[in-house]
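Novice: Handing you this structure, nothing more for now.
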Amino acid sequence: MAKPTAFYQLHLKHKAKLVDFAGYLMPIQYRGIVEEHKKVRSKVGIFDLSHMGEFIVIGKDAEDFLQKVTVNDVKKLWMYQVQYTVMCYPDGGIVDDLLVYKLPDRWMLVVNAANIEKDWNWLEQKKFGDVTLENISDETALLAIQGPLAEKVMNRLTDYDLSQIKFYWGMEENVLGNKILFSRTGYTGEDGFELYFEPKLAEKIWEAALEAGKELEIEPIGLGARDSLRLEMKYMLYGNDIDQTTNPMEAGLSWLVKLDKGDFIGKEAILNARQNPKRSLMAFEMVDKAFPRQHYEIRKNGAKIGEVTSGIFSPSLEKGIGLGYVLVEESKVGNQVEIKIRDKNYKAVVVKPPFWKNYSHK
């Protein structure tokens with residue numbers, strides 16, 4: 001049975017279409033995916049992201065532990081800085097992609113909803129020294145305010161000077177009379193904030209955000225638009241574009257991997273993948289009018305060379321776009337390929353991501 005989030009009654013009030021997503025009852029859309037997508041690109045919207053998982057890590061060995069289980073360099077983080085990273089298995093396959101928050105008295109990890117139990121078990125298994133883990137997923141509501149006008153909305157919820165917060169930094173400050181953690185992060189490519197707080201504050205913060213953005217035409221946004229927004233930026237979706245069979249190097253995540261930081265889980269396999277690349281996650285746009293979908297074949301001269309991992313009709317570009325793994329030599333920008341849709345091949349071309357270039361994040 002899917003669990004409702006703290007915003008459930010508000011979704012009903014706004015006539016959301018609800019679906020079971022990773023065991024949570026989540027809004028897939030309200031007014032319509034395309035309309036909601038365009039709202040975030042042009043103005044501002046709010047998202048319930050309470051299905052995401054949050055783990056607290058404390059103890060004198062917490063930093064060394066996180067350095068060992070993630071590929072990025074947590075030792076480079078400043079206080080209240082946020083880092084995007086991945087955890088890998090020894091064979092280089094990806095356990096999950098996640099955010100790491102460095103906070104004054106703790107670390108916080110934000111993991112994907114479908115991977116909460118798996119990630120928790122993995123971290124517990126790899127724990128060493130003075131490290132304590134706490135799963136606060138059920139005690140944490142998460143609201144995102146996203147779009148070029150997001151700062152104007154957030155300014156009405158807090159007295160804190162938001163110009164001090166750069167992209168991928170956060171703060172714990174007074175928001176509507178409550179000290180909560182928020183960060184300048186998001187999954188849309190636009191400017192925006194993500195706010196973490198107790199579920200009992202959910203209605204208060206949701207309603208205040210809608211009121212603060214009323215004249216800016218703010219509206220609730222569902223997971224459908226979140227998916228199309230993230231794909232236009234070539235942001236990864238675990239289970240589609242990355243999973244335990246994919247290596248960060250072939251997924252185009254080499255910029256995350258700090259091979260000079262010392263030992264970490266998966267290092268040897270990742271190094272091998274860098275030295276002997278076999279396939280690459282490429283981004284493509286449709287030339288013919290057609291909409292690619294996950295698992296559609298990617299072809300070259302009639303032969304299968306890969307398959308689509310994520311594909312949509314892009315509301316911003318008004319054309320089909322997608323991602324898929326192919327041999328390295330087939331992933332070069334400008335390469336012509338075909339996407340097989342219902343026994344017919346449609347022309348596509350490999351492009352340099354992101355698909356959407358006019359994003360507003362700072």
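Rule-based calculations on the coordinates, nothing more; no lab input. Keep in mind that what you see is a predicted model, and the values were worked out from it rather than measured. Here the Cβ is made from the backbone with ideal geometry for all residues, glycine too, and neighbour counts use every protein chain on show.
Novice: Decide, for the chain, between rounded, prolate and oblate: order the square roots of the alpha carbon gyration tensor eigenvalues as a ≥ b ≥ c, take rounded if a/c falls under 1.5, and otherwise choose prolate if a/b is larger than b/c, else oblate.
Specialist: Oblate, because a/c is 1.5 or more while a/b does not exceed b/c.
Novice: Still on this structure, please answer the following. For region 250-282, state which trypsin sites (Lys or Arg not before Pro) are in a DSSP loop and have at most 13 other beta carbons lying within 10 Å of their beta carbon.
Specialist: When the trypsin sites (Lys or Arg not before Pro) of region 250-282 are filtered for loop state and at most 13 Cβ neighbours within 10 Å, LYS278 remain.
Novice: Which number do you get for Rg(Cα) / (2.2 N^0.38 Å) in region 1-129?
Specialist: 1.25
Novice: Which one of VAL153, VAL308, VAL34 has the biggest mean-square fluctuation once the chain is modelled by GNM with Cα springs under 10 Å?
Specialist: Looking only at VAL153, VAL308, VAL34, the biggest GNM fluctuation is shown by VAL34.
Novice: Next question. Taking every DSSP beta bridge with both residues inside the chain, roughly what % is antiparallel (nearest 5)?
Specialist: Roughly 95 percent of the DSSP beta bridges within the chain come out antiparallel.
Novice: Could I have the simple spin-label model distance between LYS118 and VAL287, label points 7 Å from Cα toward Cβ, reported in nm to one decimal?
Specialist: Modelled inter-label distance: 3.7 nm.
Novice: Still on this structure, please answer the following. Want the number for ASN301 to LEU176: 0.36 nm per residue separation, take away the alpha-carbon distance, what's left?
Specialist: 39.0 nm
Novice: For the chain, calculate the relative contact order in percent as a whole number, restricting contacts to Cα pairs under 8 Å that are 6 or more residues apart.
Specialist: Rounded, it is 18 percent for the chain.
Novice: Give me the log10 of I(q) over I(0) for region 53-136 at q = 0.11, 0.13, 0.23, 0.26 Å⁻¹, as the Debye formula computes it from C-alpha points; what are the numbers?
Specialist: Ignoring solvent entirely, the Cα scatterers give -0.24, -0.34, -1.19, -1.58.
Novice: Using a/c under 1.5 as the rounded threshold, could you call region 278-362 rounded, prolate or oblate? The axes a ≥ b ≥ c are square roots of the C-alpha gyration tensor eigenvalues, and prolate needs a/b larger than b/c, oblate otherwise.
Specialist: In terms of gyration-tensor shape, oblate.
Novice: How much length, in nm to one decimal, is gained on full extension between ASP20 and ASN272, taken as 0.36 nm per residue of separation minus their Cα-Cα distance?
Specialist: 86.8 nm
Novice: With the cut-off at 1.5 for a/c, could you classify region 138-199 from its C-alpha gyration tensor as rounded, prolate or oblate?
Specialist: Verdict is oblate for region 138-199.
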